[in-house]
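The values are calculated or read from the model by the stated rules, or taken from the named source; none is laboratory data. Note that the structure is predicted; figures quoted are calculated from it, not measured. Here Cβ is always computed from backbone atoms with ideal geometry, including for glycine, and neighbour counts include all displayed protein chains. All accessible areas refer to the heavy atoms of the entire protein, side chains included, with ligands and DNA or RNA removed. Shrake-Rupley method; radii C 1.70, N 1.55, O 1.52, S 1.80 Å.
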Amino acid sequence: LVQPPHGDSGQTSARVPPRPVHCLLRPWADPRVDQAMFVRYDPPAGRKTGAIVIVIPGGNYDECDVHCGEGQPVAQWLANLGITGVVLQYRCVSQGHYWPAQHDDWAACARAVVDQAPSWGCDPARVGVIGFSAGGHLAGV
């Protein structure tokens, strides 16, 4: 339980970030085989700019995790700046998913983000991307 400091009106929501929202890229697929998804990190309501940045972690196409140092921390940093951060977890070679599966996941994520942006209170014309290593390759193709 978060206690407000002395003199605070008791509203702590400005200090507690919204919960991340998990979205499967293909909800009809077996999640034991297809673990592709994205996680949305929304900024606090008072800071929201309407911009979105899709974060694509690296991992040599061999591993990808939303919670790695190139995923969740970057999205949380963006959210603190007022930008909605979306981290893509793409399918990997080590799980039997060969190229172009990773590109297909990136394309599906980009389409879903643009399509859903208005329902998140964001502008679909203000979507950017940042990628690290293999994620940088995906961001560039």
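Things to note:
- Residue ranges 86-97, 22-33, 66-77 sort as 86-97, 66-77, 22-33 when ordered by packing (mean number of other C-beta atoms within 10 Å per residue, highest first).
- For segment 27-36, Karplus couplings with θ = phi - 60° (6.51, -1.76, 1.60), whole Hz, Gly/Pro x: x, 7, 7, 6, x, 6, 9, 10, 9, 5
- Considering only L25, A51, A112, the residue lying farthest towards the positive end of the dipole of the chain is A51, judged by Cα position with unit charges set on Cβ.
- Hypothetical label at V141: residues of segment 67-107 whose amide nitrogen lies under 18 Å (7 Å Cα-Cβ projection): 88-107
- Here the spin labels are modelled as points 7 Å beyond Cα on the Cα-Cβ line, and at N80 and R111 they lie 3.5 nm apart.
- Given a 1.4 Å probe and the protein chains as shown, V129 ends up with an accessible area of around 60 Å².
- Surface share of carbon and sulfur [accessible, 1.4 angstrom probe, percent] for the chain: 55
- Length-normalised contact order of the chain in % [C-alpha pairs under 8 Å, at least 6 apart]: 26
- Under the simplified labelling scheme, the R47-L24 pair shows an inter-label distance of 3.2 nm, with each label point 7 Å from Cα along Cα→Cβ.
- Cα-centred dipole magnitude for the chain, charges only on beta-carbon of K, R (+1) and D, E (-1), debye, nearest 20: 380
- Of Q76, A36, G96, farthest towards positive along the dipole that unit charges on Lys, Arg, Asp, Glu beta carbons give the chain: Q76
- Reduced Cα scattering model of segment 81-141, Debye log10 I(q)/I(0), q = 0.14, 0.17 Å⁻¹: -0.43, -0.62
- From the C-alpha gyration tensor of the chain, square roots of 5λ in Å: 30, 16, 14
- Between helix 101-116 and the chain: long-axis angle, C-alpha atoms, 0 to 90°, nearest 10: 40
- The residues of the chain expose, per residue, 55 Å² of accessible area to a 1.4 Å probe.
- The chain: calculated mean residue ellipticity at 222 nm from DSSP helix runs of at least 4, using -39500 (n - 2.57): -7000 deg cm²/dmol
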